[in-house]
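Visitor: Structure provided below as structure tokens; questions to follow.
The values are calculated or read from the model by the stated rules, or taken from the named source; none is laboratory data. Owing to the predicted nature of the structure, the values given are computational and were not obtained by experimental measurement. FYI the Cβ positions are ideal-geometry reconstructions off the backbone, even for glycines, and counts take in every protein chain you see. Just so you know, the surface numbers come from the protein's heavy atoms only, side chains and all, with ligands and any DNA or RNA stripped out. Shrake-Rupley method; radii C 1.70, N 1.55, O 1.52, S 1.80 Å.
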Amino acid sequence: MLQTNLKHVETVQDYRDLTQQGKTVIVCGRMGPMCIPVYGVMESLESKYPDIRFRDMEFDSPVAMQTIRALPEVRNFHGLPFTVYFRDGKVVAATSSIQTKAQVKEILDSRMADGTEAQAG
Amino acid sequence: MEDSRYDVIVIGAGAAGLTAAIYLARARMKTLVVDRGTPGGQMILTYAVANYPGIPEASGAQIAMTMRRQAEAFGARILGQAEVTRMDLGGPWKTIEVEDEGTFTARSVILATGGVPRSLGLPSEAVFRGRGISYCATCDGDFFAGQDIAVIGGGNSALEESVSLARQVRSVTIIHEFDHFQAQAWVVDQARREPRIRFLMEQDVREFVGDESLREVVTVHKRTGEVTRVPATGAFIFIGYVPDTARFKGIVDLDERGQIVTDDLLRTSVPGVFAAGDARQKRYRQITTAVADGTIAALSAIEYLGTSGVTLPPPPP
């Protein structure tokens, strides 16, 4: 179980509900040195982006194997965490390894904001 | 609305900053700690700490979380993911502006911004970050099971992580810029005894090459100019840290390496401004030395506020 203040995605149904419509960011990782800062970034942004759902997912869980880890967008990722940005059923961005708040905000503002085009990232 | 005036503002929430906050808050100093990242600093990046006195072994994140709780229990306010966008430290009242949080003033400031991992500065390093290039063997080692990888660096971290990685990969090539290692002798011996580790010395890393993910590391021998292409699906970079002090240039005195210059009470060149931890000029950088610095800086700040004899003007409106 991830010890964060984010809500966790624990079932495939949760994942489907979250990703098929609206805007969702899922950080898929462990409680490791590269992942903890990214959870912190997402926690700090939750209140500033109320239209976006910020979630995490245990990297070694069966649900991760069937969902995030099975996405073609993460096929060449070799660094935790995998952070995937969804908008109305599409992956609009995905990053591997640690990210700063500025990097995350750049993606949120360019790919997730209303008025920006949802394009594959 | 929360009062934005503090006795002391600590910039940086690593081991030094959190220790300073514990001492300050316990001494009833109204204390604010701001950090542009996650509180805990480099401690969070340490998977296992086995040489912190009194704790047989714990993760850096656990120690950081405990320090944070201690500081908050004494009354310190800690803001993470908080970028300082402007600061004026010259006068008796110091002012800092924090993105999305507002403007804060204090009579004393402790700079404890620590260090940031040194990068090779190659454009291809950014391209393959998370796609073969990693800075954490414990986090990402299992992506490379049975594969050939490279480790770049020659200090304790580079060699210890090489030994650890060698247990799960096919081969490790340690690439180092000098003809000798900076790591302690016992660590070097341990690496030399590992048959899956080979050594490529006196090399400059020229480029990381691949398509969707890393395929090889190109190096050049520093004396002969001979080019070597090292097949590697993973490259772990452990080449040390640089002080995170660029934002203090022109505000306090820095040395030629960008380290904040202090005296033995950790006073900087600006009255009321102190420095602690890896950001300041010193030889040894450990959690224990950062904790010592945080203690000294806090006690010095308390003394400055209490006995300096300075009659402070009222705070700015």
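Visitor: Please go through the range A:68-89 and pick out each residue that is more than 9 Å from chain B (Cβ to nearest Cβ) and open to solvent by 10 Å² or more (accessible area, probe 1.4 Å).
Guide: Once the filter is applied, which keeps residues that are more than 9 Å from chain B (Cβ to nearest Cβ) and open to solvent by 10 Å² or more (accessible area, probe 1.4 Å), the range A:68-89 yields A:Arg69, A:Ala70, A:Leu71, A:Pro72, A:Glu73, A:Arg87, A:Asp88, A:Gly89.
Visitor: Check A:Met31, A:Met57 and return the single one that is outside any helix (DSSP H, G or I), under 19 Å from A:Glu10 (Cβ atoms) and facing chain B (nearest Cβ under 9 Å).
Guide: A:Met31
Visitor: Scan the range B:190-201 and give yes if some residue there is touching a Pro at 6+ places or on another chain (Cβ under 7 Å), aromatic (Phe, Trp, Tyr), in a strand (DSSP E or B) and closer than 21 Å to B:Ser162 by Cα, otherwise no.
Guide: no
Visitor: When both residues are 6+ apart or on different chains and their Cβ atoms are under 6 Å apart, which pairs have a first residue that lies in the range A:7-31 and is among the aromatic types (Phe, Trp, Tyr), and a second that is open to solvent by less than 30 Å² (accessible area, probe 1.4 Å)?
Guide: A:Tyr15/A:Val9; A:Tyr15/A:Thr67
Visitor: Take the conditions farther than 19 Å from A:Leu6 by Cα and buried (at least 21 other Cβ atoms within 10 Å of the Cβ) and apply them to A:Val92. Does it pass?
Guide: For A:Val92, the condition - farther than 19 Å from A:Leu6 by Cα and buried (at least 21 other Cβ atoms within 10 Å of the Cβ) - is met.
Visitor: Another question, if that's okay. Identify, please: which residue in the range B:68-95 is part of a loop (DSSP other than H, G, I, E, B) and within 13 Å of chain A (Cβ to nearest Cβ) and is, among those, surrounded by the fewest Cβ atoms within 10 Å (Cβ to Cβ)?
Guide: B:Glu83
Visitor: In this structure, does B:Val242 turn out to be closer than 30 Å to B:Ser108 by Cβ and in a strand (DSSP E or B)?
Guide: yes
Visitor: Right, another one. May I ask you to list the residues in the range A:90-108 that are in a helix (DSSP H, G or I) and either among the basic types (Lys, Arg) or over 26 Å from B:Val116 (Cα atoms) (or both)?
Guide: If the condition is that a residue be in a helix (DSSP H, G or I) and either among the basic types (Lys, Arg) or over 26 Å from B:Val116 (Cα atoms) (or both), then A:Lys101, A:Lys105 are the ones that fit.
Visitor: Within the set of pairs 6 or more residues apart or between chains, which connect a residue that is more than 14 Å from chain A (Cβ to nearest Cβ) inside the range B:136-161 to a residue that is of a type in the set (Ser, Thr, Tyr) and buried (at least 23 other Cβ atoms within 10 Å of the Cβ) with Cβ atoms less than 7 Å apart?
Guide: B:Val151/B:Ser162
Visitor: Could you figure out which of (1) open to solvent by less than 20 Å² (accessible area, probe 1.4 Å); (2) within 20 Å of A:His78 (Cβ to Cβ); (3) of a type outside the set (S, T, N, Q) isn't true of B:Gly210?
Guide: (1)
Visitor: Which of the strands (runs of 3 or more DSSP E) found entirely inside the range B:106-176 contain at least 1 residues meeting this: within 20 Å of the chain's Cα centre (by Cα) and under 30 Å from B:Met87 (Cβ atoms)?
Guide: B:115-117
Visitor: Taking only the range B:126-164 into account, find how many residues are crowded, with 22+ Cβ neighbours inside 10 Å, more than 29 Å from A:Gln103 (Cα to Cα) and touching a strand residue (DSSP E or B) at 6+ places or on another chain (Cβ under 6 Å).
Guide: Count: 1.
Visitor: If you check every pair at least six apart or on different chains, which have Cβ atoms under 6 Å apart with a residue in the range B:273-285 that is in a helix (DSSP H, G or I) first and a residue that is open to solvent by 40 Å² or more (accessible area, probe 1.4 Å) second?
Guide: Cβ pairs passing all conditions: B:Asp278/B:Arg285.
Visitor: Go through B:Val218, B:Val230 for me and flag whichever is without any contact (Cβ under 8 Å) to a residue 24 or more places away in the chain, open to solvent by less than 50 Å² (accessible area, probe 1.4 Å) and not in a loop (DSSP other than H, G, I, E, B).
Guide: B:Val218
Yes or no, residue by residue, for (1) more than 14 Å from the chain's Cα centre (by Cα); (2) open to solvent by less than 30 Å² (accessible area, probe 1.4 Å):
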{"position": "A:Gln3", "(1), (2)": "yes, no"}
{"position": "A:Thr11", "(1), (2)": "yes, no"}
{"position": "A:Ile26", "(1), (2)": "no, yes"}
{"position": "A:Arg55", "(1), (2)": "no, no"}
{"position": "A:Ala64", "(1), (2)": "no, yes"}
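Visitor: Can you find, within the range B:20-50, the residue that is surrounded by the fewest Cβ atoms within 10 Å (Cβ to Cβ) among those that are at pLDDT below 95 and outside any loop (DSSP other than H, G, I, E, B)?
Guide: Among them, the one singled out is B:Val49.
Visitor: Being closer than 21 Å to B:Met67 by Cα and either open to solvent by less than 30 Å² (accessible area, probe 1.4 Å) or not polar (S, T, N, Q) (or both) narrows it down to one residue among B:Gly294, B:Gly250, B:Gly272; which is it?
Guide: Just a single option satisfies the conditions, and that option is B:Gly294.
Visitor: Tell me which of these B:Thr113 doesn't satisfy, since it passes every other one: (1) open to solvent by 20 Å² or more (accessible area, probe 1.4 Å); (2) away from every other protein chain (no Cβ under 14 Å); (3) more than 25 Å from B:Leu24 (Cα to Cα); (4) among the β-branched types (Val, Ile, Thr).
Guide: Here B:Thr113 meets the rest and fails (3).
Visitor: Could you list all residues from the range B:256-270 that are touching a residue at least 24 places away in the same chain (Cβ under 8 Å), part of a loop (DSSP other than H, G, I, E, B) and of a type outside the set (D, E, K, R)?
Guide: Matches in the range B:256-270: B:Leu265, B:Leu266, B:Thr268, B:Val270.
Visitor: I'm trying to understand the selection: among the residues of the range B:51-67, which are in contact (Cβ under 8 Å) with a residue 24 or more places away in the chain and buried (at least 21 other Cβ atoms within 10 Å of the Cβ)?
Guide: Scanning the range B:51-67 gives B:Gly60, B:Ile63, B:Ala64, B:Met67.
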